[in-house]
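Down below is the structure, laid out as structure tokens.
Nothing in this text is a laboratory measurement; each read-out follows from the coordinates by a stated rule. Values in this document were obtained by computation on a predicted structure and should not be read as measured data. For neighbour counting, all protein chains shown are included, and Cβ atoms are generated from backbone atoms with ideal geometry for every residue, glycine included.
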Amino acid sequence: MLNSVHSSVIFITPNDNNSHLKITMATVGRKNSPLTGRNLQQNQAQGGAGPSALELCRQRMAVKPPAERPEPISSRINSVSSQFSDGGQAVSPSARSSISSWSEEPAHSNMDISTGHMILSYMEDHLKNKDRLEKEWEALCAYQAEPNACTIGLKDGNAKKNRSTAVVAYDHSRITLKVENSQGNSDYINASPIMDHDPRNPAYIATQGPLPSTVADFWQMVWENGCVVIVMLTPLVESGVKQCYHYWPDEGSNLYHIYEVNLVSEHIWCDDFLVRSFYLKNMQTNETRTVTQFHFLTWLNQNVPETSRTLLDFRRKVNKCYRGRSCPIIVHCSDGAGRTGTYILIDMVLNKMAKGAKEIDIAATLEHLRDQRPGMVQTKDQFEFALTAVAEEVNAILKALPQ
């Protein structure tokens, strides 16, 4: 008999709530066609074209509140859900998004079609059942990670390096810097390694947006962990409040302690995000590497994007750049928990599905994230958005599979 146990776990159970089969999906890719792209060095050589592109990029970093009130998440979920119902007409994601020409073509998927449809029908039920979702969120809010000590991050010398005392890396799960290379002779940075299936190799580093006093620490972390991809999920300023320090040069290069960062290019891919390429040089060893930053511009604090489509397309672009690498992806917003946790939750679940996992338990995955960093996914809307994004991605995969 089919039975749904709670709102984000999909089960098939033979009259036994303890024996269960949990399920699989895979990621989608679509070929990006940038609306505008600008190489800074080419622009400067050509004259005239460069300044306007740069100005536009930088204007978009400080997002103004939307003139119109965003569509409530409940109506967005209903419209996603309506795609999955047998009787209703499908609502194209592009109909809810101003972006229609830059998404990627679906990638190869090993997902079984019948399994995918079953997942989709359960997701539809979970997203429509508000009482079930509310109870599950209440249970998640009551969850307590163990161990959960944050004494190192709250010490006098380290407390000033935190944006918020509510989100501080756990003592047992924190990134440590090499003291001999640190500007402040300290190993502390408010950043947490996030493991998926391999406890030896973190899949992500969740961290806060750098402060003026922690920029050198941030680039040291990038270098020492071999990171080549940064996912930034916050504007620099939101409603006049600084969310993150501008930790890269506007043009040319800046030196942050022993790390020289050179801005190579800045590309506007759409209204929602842009991509920057940096050369990062260790001035002690003269080694260099390329680092790519993906900056999502329109996700405001304690909120969710207007559509899951834009974030899913953004994720595909990130993963296309990252494909084949084994280093962790650095993900940050302002405090490194709300938006950061939501993005990592979506990405981790979809990646598990892509690898052929026979189970999906989004609530348990979120608890796993909270075991590694406090406050991951901060609001019910963010959790609901994660469910919606997973459902929409499954729908896209099913449409791409041969019928």
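A few notes on this one:
- Whole-Hz Karplus values for region 154-166 come out as 9, 4, 3, x, 9, 4, 5, 8, 9, 6, 9, 6, 7 Hz, taken residue by residue from phi with 6.51 cos²θ - 1.76 cosθ + 1.60 and θ = phi - 60°; glycine and proline positions read x.
- Globularity index of region 152-280 is 1.08 (Cα radius of gyration / 2.2 N^0.38 Å, N = number of residues).
- Farthest towards the positive end of the charge dipole of region 119-183, among the residues Tyr143, Gly157, Ala169, is the Cα of Gly157, using unit charges on the Cβ of Lys, Arg, Asp and Glu.
- Note on Lys135: lysines with a C-alpha under 19 Å away, same-chain residues under 8 apart excluded, are Lys380.
- Rounded to the nearest 20, the size of the Cβ-charge dipole of region 270-403 about its Cα centre is 620 debye, with Lys and Arg at +1 and Asp and Glu at -1.
- Region 269-350: C-alpha gyration tensor shape, a/c 1.5 cut-off, then a/b vs b/c: prolate
- Listed by chain and number, the lysines placed with their C-alpha closer than 18 angstrom to that of Lys242 are Lys64, Lys160, Lys161; residues fewer than eight positions away on the same chain are left out.
- Cα gyration tensor, region 200-248 - rounded (a/c under 1.5), prolate or oblate: prolate
- Computed label-point distance, nm, for sites Ala364 and Lys135 using a 7 Å Cα→Cβ extension: 1.9 nm
- The dipole here belongs to region 137-193: it is taken about the Cα centre, uses +1 on the Cβ of Lys and Arg and -1 on the Cβ of Asp and Glu, and is about 260 debye.
- Part-to-part distance (alpha-carbon centres) for region 311-362 and region 217-238, which is given in Å: 15 Å
- Charged neighbours of Gly157, selected by a Cβ distance under 14 Å, balance to 0 (K, R count +1; D, E count -1).
- Of all DSSP bridge pairs formed entirely within region 151-307, close to 90 percent run antiparallel.
- Within the same chain, aspartates and glutamates fewer than 8 places from Lys281 are excluded, and of the rest, those with a Cα less than 19 Å from its Cα are Glu180, Asp217, Glu224, Asp250, Glu251, Glu260, Glu266.
- Amide H contacts under 5 Å for Ile329: Tyr204, Ile205, restricted to partners 5 or more places along the chain or on a different chain, H placed in the peptide plane at 1.01 Å from N.
- In terms of surrounding Cβ atoms within a 10 Å radius of their Cβ, Cys244, Cys141 rank from fewest to most as Cys141, Cys244.
- In this structure the amide hydrogen of Trp248, modeled in the peptide plane, comes within under 5 Å of no amide hydrogen from residues 5 or more places off or on another chain.
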